[in-house]
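Every number in this text was worked out from the coordinates using simple rules, so none of it is lab data. What you are looking at is a predicted structure, and each value in this text was computed from that prediction instead of being measured. Here the Cβ positions follow ideal geometry from the backbone for every residue, glycine too, while neighbour counts run over all protein chains shown.
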Amino acid sequence: MIYRNWIATDNLQISELEKECFKSPWSIDMLNQTTHLKNFYGKVCEVDGKIVGYIGAIYDFWDGEILNIAVKNEYRKQGIGEKLMQEIIDFLCLEKKENVFLEVRKSNFPAQKLYEKLGFIKIGERKKYYENTEDAIVMSKVL
Ligand SMILES: CC(C)(COP(=O)(O)OP(=O)(O)OC[C@H]1O[C@@H](n2cnc3c(N)ncnc32)[C@H](O)[C@@H]1OP(=O)(O)O)[C@@H](O)C(=O)NCCC(=O)NCCS
């Protein structure tokens, strides 16, 4: 198992994982646009040359924002999600960012537990944020 930087040529594999892991997956075009941003940073976890987990974030002068994280179903509950989150947190700390933000579905208990374990706290809600039906919880962590 290796952790390495997310590069644009990973996007095809990641778009397949998006479909497996999310109700509203990012398309390959969305992934391509995002990973070409100068302020994008992402990590993937690879097993035998296949991506089994990934995380992507963007950052500005002060703060970072986690855009997406997922681990392939059969590789969950092995610490991969936590390690990917820690990689991003470490990068943002090195870049001297002050806060990191994210949004998570109200119904997504495993992800909320992961973020709470890493010190994220709820700072607000966005009503009907997902598919104009489900609320998002906004969480942040001071770095
Ligand atoms: C959320 C997700 C990335 C977690 O990845 P993971 O590799 O399984 O997580 P880890 O094994 O690193 O777990 C770390 C911590 O997260 C929490 N956690 C993870 N899965 C959990 C579950 N099913 N139930 C409760 N807590 C859970 C626990 O606190 C766990 O720590 P512990 O093992 O000491 O109890 C994974 O479930 C996933 O890909 N889900 C689908 C995509 C998704 O919802 N992404 C988040 C969008 S906001």
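Summary of computed values
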{"quantity": "Rounded Å value of the spacing that divides the Cα centres of the range 85-112 and the range 10-43", "calculated": "17 Å"}
{"quantity": "Exposed-site-free run, longest, the chain (rule: chymotrypsin sites (Phe, Trp or Tyr not before Pro); DSSP loop; at most 15 other C-beta within 10 Å)", "calculated": "63-143"}
{"quantity": "Positive dipole terminus of the chain, leading residue within 62, 129, 94 (C-beta point charges)", "calculated": "129"}
{"quantity": "Long-range Cα-Cα pairs in the range 2-142 (distance over 26 Å), rounded percent", "calculated": "19 percent"}
{"quantity": "25 Å Cα-Cα reach of residue 19 towards lysines, excluding residues that sit fewer than 8 places from it in its own chain", "calculated": "43, 50, 72, 77, 83, 106, 113, 127, 128"}
{"quantity": "Distance (nanometres) between label positions extended 7 Å along Cα→Cβ at residue 76 and residue 126", "calculated": "2.2 nm"}
{"quantity": "Simple Cβ-charge dipole of the chain, Lys/Arg +1 and Asp/Glu -1, about Cα centre, in debye nearest 20", "calculated": "360 debye"}
{"quantity": "Gain in span if fully extended, residue 8 to residue 62, counting 0.36 nm per residue against the direct Cα distance", "calculated": "16.9 nm"}
{"quantity": "Given charges at beta-carbon only (K, R positive; D, E negative), |dipole| of the range 54-108 in Debye", "calculated": "380 debye"}
